[in-house]
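The structure under discussion appears below in the form of C-alpha cells.
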Amino acid sequence: MTDELTPEQEDPREGHGAEEELRRHRIAKLERIRARGDEPFKYRCDRSHRIGEARAAFEAAEAAAGPDADPQAELPGAALAGRVTARRVQGKSAFLDLRDDTGRIQLFFGEKQVGGEMYAALDDLDIGDFLRVEGTVKRTRRGEITLFAAGYSLLTKSLRPGAEKWHGLSDVETRYRRRYLDMVANPEVLDTFKRRVQVVSVMRGWLAARGYLEVETPMLHPIPGGATARPFITHHNTYDRDFYLRVAPELYLKRLIVGGFDRVFEINRCFRNEGVDTRHNPEFTTMELYEAYQDYLGLMDETEEMLCHVIETVVGGKSFPYQGHTISIERPWKRISLHEAIRQYAGVDLEATRDRDEAARLAKSAGVDVDPTMGYGKIVDAVMSEKVQPHLIQPTFLYDYPIEISPLAKKKRGNPALTERFQPFIACLEVGNAFSELNDPIDQRERFEAQAALRDAGDDEAQYLDEDFIAALEVGMPPTAGLGIGMDRLAMLVTDSASIREVILFPQLRTL
C-alpha cells in the first residue's frame, strides 16, 4: 500500500500531470485485480445496514447490555458498503475508514481474520474505492466503534484522486466546479445539502397540511412576467418563435385562482439574466403560494408561522447562528413600514415627496448613488437596500411599498401611492416578497402600461403587458394574497452559509 502519490501531488489544483500519473498507478492496480478474476466495477451489492444504521443498532445493543456486560456487546453479521476515505497499515493489520451518506465507520482487517490472499489484495485498494465489508461491529480497546472484517469485496475502483479529507479541498472555484470532489473531500457539504432538502420537505408538508395544492406551471413563457427582472431568451424551432425562461410563476398561478383553486403553491426554478453575487444566481429556486380570500396582513401572520416552523424544525430550536450573529425566531417578529424604516436608518423622509428629482436629492444626501434612469420607486428601493437592509439582522417585516415598484400589488387602502406589499428579512437577507394581489383588470392594465413606459425609458427589467393575464382577471379573481420565498436564501440561513453558491449544488460560474 505504498504506491500512492503524496497529498500535494494528488491535489487536482497542482496540475494535470500529477493527476494523470496517479491515474496510471490506479489503472495498473485495476489490471491486477482483473487478472485475479475479480470484476472491479460490480453491478450491485446487498447491505444489512447503512453505516449510520449499523452504528445506531450497535449502540442500542450496547445500551441494552449495560456498561459492565461480559462479553461486551456486538453486532454480528453486519454487511456495509461505502467509499474508503482513509487507511492506516500496521504490519499484519490495517485500519480503513468507510463512509456513506449516513456516516463513517472504522474498519479493521487482520491477516488471520480475512486470510493471507485477501489481506495481500488490500495493496490494490485506494482511497476513493467503494467496498462491501462484512463482519462484526464492536468497540476497539480505545473505544472506537469498528467493523471487524471477515471478508470484503471491491465494488468500484476509483481512478482519480478525490482530494481526501485529511488534506482537504479548499479552493472555492474547484469546489464549485467539481462539486463531487467537494462532497468527497468535505463531508459537511453533504450535511449542508441534506439540510437544504429538509427545508423544502418541511415547507411542502406545512403547506399540504393547510390545504394548499402543489401544481406545476410552464418554464417557457411567451411573455416574461410576474417579476421585475431581465429574462433569458431561447428559441423554439418548431414554432419558430422566441420564448423566455420564466422569471416567476406568479401570473400562471393566479390564473389557477381565477380557474377555481383556492390555495395553490409551486416549488421550482426561476431564471433571471442579472448580476451574480453572494445572494444571486442566474437560476434559483422559489416557493410561490396564492391564497384566495386573504390579504397581505393575514398572509404576514401565516408567513411568520410557516418560516418559524420550517426554521425551528430544521435547526432544532428557536435560535441559530448565522455569520457571527445569533438569530432568534421568537414570535412576534418586528414589523415596520418601509418609509418609517428609511426615516429611522437613512435619516431622510422619502414619503414626504413624490417628485423623482427631490427623491434623488434626498437619496444622495443619505449617501446613496442614483442612476439617471431610476424612477422614484427604484430610488426608494435603492435607499432601502443600502441603508435599511444591513440593519435587519433579527427577523423583520418591511411593508407598504411604492406603487411604482409593485405593479402586481393592490393599492394600499387609504393611500394609493403605496401598495399592500411586505418582505421578510432575516440576517439582512431578503427571503421573500408578498402582496395583496391586484385583481382589478383596469388598474392592472394601467400598471402594465406604466411599466411599458419605463421600458421605453431604458429600464430593461420593467414588466411586459400580458393581454391574456388581463383577460383572466376580467373573468374574475377573488381577493387573493400571494407570497414568494427564496428557497436558496432560506437554505443559506439554516446552514450558516455566506454565499448562495454554497447551497446550490452546481452554481453558474464563468467559463475558464
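Laboratory data are not the source of any read-out in this text; all were calculated from the coordinates shown. The structure presented is a predicted model; accordingly, all values stated were derived computationally and were not measured. Cβ coordinates were reconstructed from backbone atoms using ideal geometry, including for glycine residues, and neighbour counts include every protein chain displayed.
The figures follow:
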read-out: Helix-derived mean residue ellipticity, 222 nm - over the chain, DSSP H n ≥ 4, -39500 (n - 2.57), to 500; value: -10000 deg cm²/dmol
read-out: Highest-first arrangement of 470-482, 66-78, where packing means the average Cβ count within 10 Å; value: 470-482, 66-78
read-out: FRET efficiency for Ser93 and Glu446, using Cβ-Cβ distance with R0 set to 56 Å, rounded to 0.05; value: 0.10
read-out: Residue list for segment 124-160, given a label point 7 angstrom along the Cα-to-Cβ vector of Met118 and an amide N cut-off under 13 Å; value: 132-136, 148-154
read-out: Cα gyration tensor category, rounded, prolate or oblate, for segment 326-458 with a/c compared to 1.5; value: oblate
read-out: Karplus 3J(HN,Hα) series, Hz, for segment 411-426 with 6.51 cos²θ - 1.76 cosθ + 1.60 (x for Gly, Pro); value: 4, 5, 4, x, 8, x, 6, 10, 10, 7, 9, 9, 9, x, 10, 9
read-out: Pairwise FRET efficiency - Cys428 versus Arg179, Cβ, R0 = 41 Å, nearest 0.05; value: 0.95
read-out: Fully extended contour minus Cα-Cα distance, from Thr278 to Ala35, at 0.36 nm per residue; value: 82.4 nm
read-out: Nearest-0.05 FRET efficiency for Ser499 and Asp101, computed from C-beta distance (R0 22 Å); value: 0.40
read-out: Backbone HN-Hα couplings from phi across segment 106-113 [Karplus 6.51/-1.76/1.60, Hz, Gly and Pro as x]; value: 7, 10, 10, 10, x, 4, 5, 6
read-out: Candidate values [x] 23.7, 80; [y] 28.9, 87; [z] 21.4, 69, label of the one derived for Rg and Dmax of the Cα atoms in Å; value: [y]
read-out: Low-density loop cleavage sites - GluC sites (Glu not before Pro) in segment 271-319, where at most 10 other Cβ are within 10 Å (DSSP); value: none
read-out: Among 386-395, 411-420, the order from most to least packed when residues are scored by Cβ within 10 Å on average; value: 386-395, 411-420
read-out: Extended-chain gain in nm, criterion 0.36 nm per residue less alpha-carbon gap, Thr326 and Glu21; value: 105.0 nm
read-out: Residues with amide H under 5 Å from that of Arg87, placed H, sequence gap 5 or more; value: Asp97
read-out: Excluding exposed DSSP-loop chymotrypsin sites (Phe, Trp or Tyr not before Pro) (at most 14 other C-beta within 10 Å), longest clean stretch of the chain; value: 294-512
read-out: Proximal lysines relative to Lys318, as straight alpha-carbon distance under 19 Å, when same-chain residues fewer than 8 apart are discounted; value: Lys334
read-out: Distance in nm between pseudo-label sites at Thr373 and Glu111 (7 Å out along the Cβ direction from Cα); value: 7.5 nm
read-out: Reach of Lys411 by Cα under 13 Å, taken over aspartates and glutamates that are not fewer than 8 positions away in the same chain; value: Asp295, Asp400, Glu420, Glu437, Asp440, Asp443, Glu446
